[in-house]
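These notes are about the structure you will find just below.
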Amino acid sequence: MTEEQEVFLKHIQKQGLKRTAQRDLILDVFLRTEEHLSSEDLYRLVQKEDPSIGHTTVYRTLKLLTDAGLAREVRFGDGRAHYEHNYKHQHHDHMICSECGKVLEFFSAELEAIQDAMAARHRFEITQHLLRIIGICAECRRARKEKSKLEPPVKLTVASGRMKG
């Protein structure tokens, strides 16, 4: 049994719940996937391995994974909750492409130091922080540039004349 499985088992037992094959499979699929998953994404992956598992079971298990500290909910501004690994994973922040939705993870010691300095200056205790930077990724910028090269320039003509009043 992996450490994550042990953490999950202890958590569900504390909640008065039982270990089931469905919960085990959902945990396994989540741990095998390094992407940011919505509950719908995880449901689709689980369905490939066991079509009898319903979306509600996946959603509830994802909530248990979050409560157990194995998953963390993140929001990227698309109106959906996404989940990523949380247990023994280094803190990181996100850059999100507003065109294609790509999510880039990054860590900056400099940003962490600035945030700690701001908190100290204001005598504020940080319990967690989430930084998301919205912009346009290199691939989408390159595609925009290529598209603009292919499109003929628009010619504007100005008609002269007077308005009658």
- Scan (1) within 13 Å of the chain's Cα centre (by Cα); (2) among the acidic types (Asp, Glu); (3) surrounded by 14 or more Cβ atoms within 10 Å (Cβ to Cβ) for the single condition Asp78 breaks and write down its number. (3)
- Message: So, restricting to helices (runs of 4 or more DSSP H) that lie completely within region 24-134, which ones have at least 1 residues that are in the same structural domain as Glu4 (by TED's automatic domain parsing) and of a type in the set (Gly, Ala, Ser)?
- Response: 39-49
- Top-ranked residue of region 17-74 - restricted to ones that are over 28 Å from His129 (Cα atoms) and charged (D, E, K, R), ranked as surrounded by the most Cβ atoms within 10 Å (Cβ to Cβ): Arg23
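The values are calculated or read from the model by the stated rules, or taken from the named source; none is laboratory data. Quick caveat: nothing in here was measured; it's all calculated off a predicted structure. Glycine gets a Cβ as well: all are built from the backbone with ideal geometry, and neighbour counts include every protein chain shown.
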